[in-house]
Amino acid sequence: MKNLVKSVVSSEFNAEIEIGGVPEDLTIAFGGEIRSNHLIIEGTNRLDIAIAPFHVIEDEQFRLFVLSIKGIKRTLDLLKRAYEFYSSILGKKTAKYTVIETPENYGGQAGKGYALVSGSSLRRKIPANLYHELAHLWNPRVTPETHLSRFFDEAFANYLTALAIREIHGEEAFNSFIENLRRNYEAVLKRFPEAEKLKPSEWGKLGFWELSYTKGALILHDLHQKVGEDFYEILRGIVNSSIIDFHRFKAIVEEVSGLVIDI
Ligand SMILES: [Zn+2]
């Protein structure tokens, strides 16, 4: 099996790519539009092209490129349920959504309207990685400096994953996901005890963006518990902002719930 996954990191761009020499038994997987060997994607910040013996499954706005169809119907159902759940709390996204199965250990990645997820993650009892990558579809626009903290993409994606798990798999699964975040955060603290005192707005410039996956999501969990139902209005306020930074986030939290946070 030949496989190619490339990525380019820069600001947003449009791309048209012509792929040649693909053996007949292999299929091109791509997050954008595919017109035989001609690939088109707009407003992306990365390019991922995979060429492998993919099975292509299309259902509603979902398109899956998978290396085996085994267990994939369940994955598709869970993907739809997570999509419905995120849409119900954050607003619908009409765009197509593509999932590309990767070999193990490639790591999950989210691009514009698509995700790369490993086969085992796709078929897990609770496909948290899939829920996480899907949540990135609702990423707000952030200032470049704010982006360094990864708070508004990774912390939110992980906490939205927790909420999707609660919705689809129940309270117990939610609690164990949160507990796992706590354990992972404690493991990070063992390596970097100084991280405990830092605010999310300081993570970016100090290179502690990794905390967004654990502590960041736990901060959101905490906020959710404090403000209750208002949390969903805060989420919508963020998603619908033209641009987000920590000041704007604080202002939204205060406007919606009256709570003053130090973040
Ligand atoms: Zn992510």
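Could you run through segment 43-67 and say how many residues are out of contact with any Ser or Thr (no Cβ under 9 Å at 6 or more places or on another chain) and either exposed (fewer than 13 other Cβ atoms within 10 Å of the Cβ) or hydrophobic (A, V, I, L, M, F, W, C) (or both)?
6
Somewhere in segment 111-120, is a residue more than 14 Å from the ligand (Cβ to nearest atom), open to solvent by less than 10 Å² (accessible area, probe 1.4 Å) and modelled with pLDDT under 95? Scanning segment 111-120, I find at least one residue that is more than 14 Å from the ligand (Cβ to nearest atom), open to solvent by less than 10 Å² (accessible area, probe 1.4 Å) and modelled with pLDDT under 95, so the answer is yes. For segment 225-245, the tally of residues that are open to solvent by 20 Å² or more (accessible area, probe 1.4 Å) and touching a residue at least 60 places away in the same chain (Cβ under 8 Å) stands at 7.
For segment 202-216, name all the residues that are within 14 Å of the ligand (Cβ to nearest atom) and not aromatic (Phe, Trp, Tyr). The answer is GLU210, LEU211, SER212, THR214, GLY216.
If the condition is being more than 15 Å from the ligand (Cβ to nearest atom) and either open to solvent by less than 20 Å² (accessible area, probe 1.4 Å) or in contact with a strand residue (DSSP E or B) (Cβ under 6 Å, 6 or more places away or on another chain) (or both), then segment 164-184 contributes ILE165, ALA173, PHE174, ILE178. Counting residues in segment 22-31 that are at negative phi and within 16 Å of the ligand (Cβ to nearest atom) gives one or more. Filtering segment 27-42 to residues that are open to solvent by 20 Å² or more (accessible area, probe 1.4 Å) and either outside any loop (DSSP other than H, G, I, E, B) or modelled with pLDDT of 95 or more (or both) leaves THR27, GLU33, ILE34, ARG35, HIS38, ILE40, GLU42.
Number of residues in segment 122-157 that are in contact with a His (Cβ under 8 Å, 6 or more places away or on another chain) and within 10 Å of the ligand (Cβ to nearest atom) equals 2.
The values are calculated or read from the model by the stated rules, or taken from the named source; none is laboratory data. Just so we're clear, the structure is a prediction, and the values are computed from it rather than from any experiment. Note: ideal-geometry Cβ built from the backbone for every residue, glycine included; neighbour counts use all protein chains shown. In case anyone asks, the SASA skips ligands and DNA or RNA and just uses the protein heavy atoms, side chains included. Shrake-Rupley method; radii C 1.70, N 1.55, O 1.52, S 1.80 Å.
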